[in-house]
Amino acid sequence: MHTLQQILNHKKVNEIWHTLPDATVYDAIQMMADKKAGALLVMQGGALKGIISERDYAREVILKGRSSRETRVEEIMTGKVISVTSSESVEVSLAIMTKHQIRHLPIVDDDRVVGVVSIGDLVKDIISDQQSTIEQLENYIRS
């Protein structure tokens, strides 16, 4: 099984999209739409302060009748961010995401954010690994 560093090395885009805590939710949602991302890290001065997702927007703005142009990211973000290091395995990371019911996992090495993986990134890696195993077994059987 691969490590998250290996996943980051193979991602086509490994930019760390983020917003500031005092940005409007509208601006954060606009950035998510532009980047085709389901979540943004909330960072200030290089420090990870939280994460805001489409789910946060739906639950904390839309359902509560708030204005996205007047609500600040820090008001609805998840402040207690679950993160892992780049040396963590895909299996362990997927288990963490499943346990905490999260879809995006920041990767932090030495207090520095080095990337983010989605549950889709991890599932894609597992499927690719399984496909490789199947092909090896098929070749073994044919020999």
Inset, instruction - Could you tell me whether K36 is free of Cβ contacts under 8 Å to residues at least 12 places away in the same chain, surrounded by fewer than 16 Cβ atoms within 10 Å (Cβ to Cβ) and among the basic types (K, R)? - result: yes
Inset, instruction - Please verify whether region 62-71 includes one or more residues that are under 15 Å from V81 (Cβ atoms) and either under 14 Å from the mean Cα position of the chain (by Cα) or assigned to a helix (DSSP H, G or I) (or both). - result: no
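Do the conditions hold for I102, that is, is it among the hydrophobic types (A, V, I, L, M, F, W, C), assigned to a loop (DSSP other than H, G, I, E, B) and under 13 Å from the mean Cα position of the chain (by Cα)? Lay out the reasoning, then the answer.
Details: among the hydrophobic types (A, V, I, L, M, F, W, C): yes; assigned to a loop (DSSP other than H, G, I, E, B): yes; under 13 Å from the mean Cα position of the chain (by Cα): yes.
For I102, the condition - among the hydrophobic types (A, V, I, L, M, F, W, C), assigned to a loop (DSSP other than H, G, I, E, B) and under 13 Å from the mean Cα position of the chain (by Cα) - is met.
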Inset, instruction - Would you please list the contacts, defined by Cβ atoms under 8 Å and residues six or more apart or on different chains, that run from a residue in region 52-66 that is farther than 10 Å from I29 by Cβ and without any contact (Cβ under 8 Å) to a residue 60 or more places away in the chain to a residue that is assigned to a helix (DSSP H, G or I) and among the acidic types (D, E)? - result: E60/E75; R66/E60
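Considering every residue within region 18-25, establish whether at least one is more than 21 Å from V113 (Cα to Cα) and either surrounded by 16 or more Cβ atoms within 10 Å (Cβ to Cβ) or in contact with a strand residue (DSSP E or B) (Cβ under 7 Å, 6 or more places away or on another chain) (or both). Talk me through it step by step, then tell me what you get.
Taking region 18-25 as the starting set, the residues that turn out to be more than 21 Å from V113 (Cα to Cα) are 24-25.
So of that shortlist, the ones also either surrounded by 16 or more Cβ atoms within 10 Å (Cβ to Cβ) or in contact with a strand residue (DSSP E or B) (Cβ under 7 Å, 6 or more places away or on another chain) (or both) come out as 24-25.
Yes, the conditions are met somewhere in region 18-25.
State yes or no: is V81 outside any strand (DSSP E or B) and either farther than 15 Å from A28 by Cβ or under 12 Å from the mean Cα position of the chain (by Cα) (or both)? I'd like the intermediate steps shown before the answer.
Values: outside any strand (DSSP E or B): yes; either farther than 15 Å from A28 by Cβ or under 12 Å from the mean Cα position of the chain (by Cα) (or both): yes.
Spelling it out, V81 is indeed outside any strand (DSSP E or B) and either farther than 15 Å from A28 by Cβ or under 12 Å from the mean Cα position of the chain (by Cα) (or both).
Quick grid of which residues meet (1) free of Cβ contacts under 8 Å to residues at least 40 places away in the same chain; (2) exposed (fewer than 12 other Cβ atoms within 10 Å of the Cβ); (3) hydrophobic (A, V, I, L, M, F, W, C):
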| position | (1), (2), (3) |
| --- | --- |
| D109 | yes, no, no |
| V117 | no, no, yes |
| D121 | no, no, no |
| Q131 | yes, yes, no |
| I134 | yes, yes, yes |
| E138 | yes, yes, no |
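Quick check on E74: is it among the charged types (D, E, K, R), in a helix (DSSP H, G or I) and in contact with a Pro (Cβ under 6 Å, 6 or more places away or on another chain)?
Details: among the charged types (D, E, K, R): yes; in a helix (DSSP H, G or I): yes; in contact with a Pro (Cβ under 6 Å, 6 or more places away or on another chain): yes.
For E74, the condition - among the charged types (D, E, K, R), in a helix (DSSP H, G or I) and in contact with a Pro (Cβ under 6 Å, 6 or more places away or on another chain) - is met.
All of the numbers you see were taken from the coordinates with simple rules; none came from a lab. Being a predicted model, the structure only gives us computed values, none of them experimental. In this analysis, Cβ positions are derived from the backbone assuming ideal geometry, glycine residues included, and neighbour counts consider all displayed protein chains.
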